[in-house]
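Each remark here refers to the structure printed beneath this line.
The values are calculated or read from the model by the stated rules, or taken from the named source; none is laboratory data. These figures come from a predicted structure and were not determined experimentally. In this analysis, Cβ positions are derived from the backbone assuming ideal geometry, glycine residues included, and neighbour counts consider all displayed protein chains. Side chains are part of the model used for accessible areas, which takes the heavy atoms of the whole protein and leaves out ligands, DNA and RNA. Shrake-Rupley method; radii C 1.70, N 1.55, O 1.52, S 1.80 Å.
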Amino acid sequence: MINRQTFSTLRARILLSYFFFLTLLVIVTFYVVQSTTYEHSTGQLVAHAQASSNVVRDKVISRSNALQESLNTVSKDFSFKQLMVGSIEDKISLKVALQNYQRRNDADIAWVLDNKRKVLASTTITETDILKINAQDFTHRDIQLLFIEDQFYLIKAAPVKYVESSRNINGWLIMGIDTRRLITAELVDLTDMDVTLLQLGANHKVIGTKLSSRLTDQLVNLPINKEAGLHPL
């Protein structure tokens, strides 16, 4: 026969085992649910980021291509070519025309160079950096950025030929858009995300953002991993 004390001890052990397995089941269930929820949420975030990166890239490419098309049109304009030819004697007229074209294209900087990279007209005092580039590299239908005086610019260029059928390039028309203006409130609303463009490196450089200065300063000091499927500019 099992006495009362032995029965009580046995019942206590059974209850203890029951609570142990119940606790273990709850912990395992909680872990599985948490892991599944985390993976699902992370997957949704990555998918959203991927879709948003495509939207941002498409918008920037669209702006870049629009600027390129406009420069191609201006570079073929007969009046503009005449101003370039006469710039030796009349620099002011060419500069005024360049300023007008810059405003029409909502650009921030612009230059006209001759075939030897000499600046014929400019809307900025910055000339050193633009003289170092190969203008031909900025004629493609894609995104090209240039770092000028501690700021990135989306740069596009178009060759100028006094005789269109000629192979000789007589000069270059170059314009740039401050990349900080590429990240607009409309783009943030469209993607439903805080959008920041960075040049990744030992010290990340901000290309464009709508974040506050405090958050931006924190962001450039964080280690950032490239996510597969997110398209760089």
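Just to verify a number: FRET efficiency for Tyr162 and Asn221, C-beta to C-beta distance, R0 = 41 Å, to 0.05?
Numbers: r = 51 Å, r/R0 = 1.25.
The value I calculate is 0.20.
Heavy atoms only, 1.4 Å probe, whole protein assembly: order Leu15, Leu67 by accessible area, highest first. Intermediate results must be reported in sequence, preceding the final value.
Values: Leu15 85, Leu67 0 Å².
If we order Leu15, Leu67 from most to least accessible, we get Leu15, Leu67.
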16 Å reach of a label modelled at Ile169, 7 Å along Cα-to-Cβ, counting backbone N of the range 62-98: 68-69, 71-76
Taking His140, His204 and ranking on accessible area (1.4 Å, protein atoms only), highest first, one gets His140, His204
For Glu186, Glu69, give the ranking by accessible area with the largest first, probe 1.4 Å. Glu186, Glu69
Mind checking the full-extension length gain between Ser213 and Ala66? Use 0.36 nm per residue of separation minus the Cα-Cα distance, one decimal, nm. 49.9 nm
Computed ³J(HN,Hα) along the range 204-212: with the Karplus parameters 6.51/-1.76/1.60, θ = phi - 60°, integer Hz and x for glycine or proline, the list is 4, 10, 7, 8, x, 6, 10, 6, 5
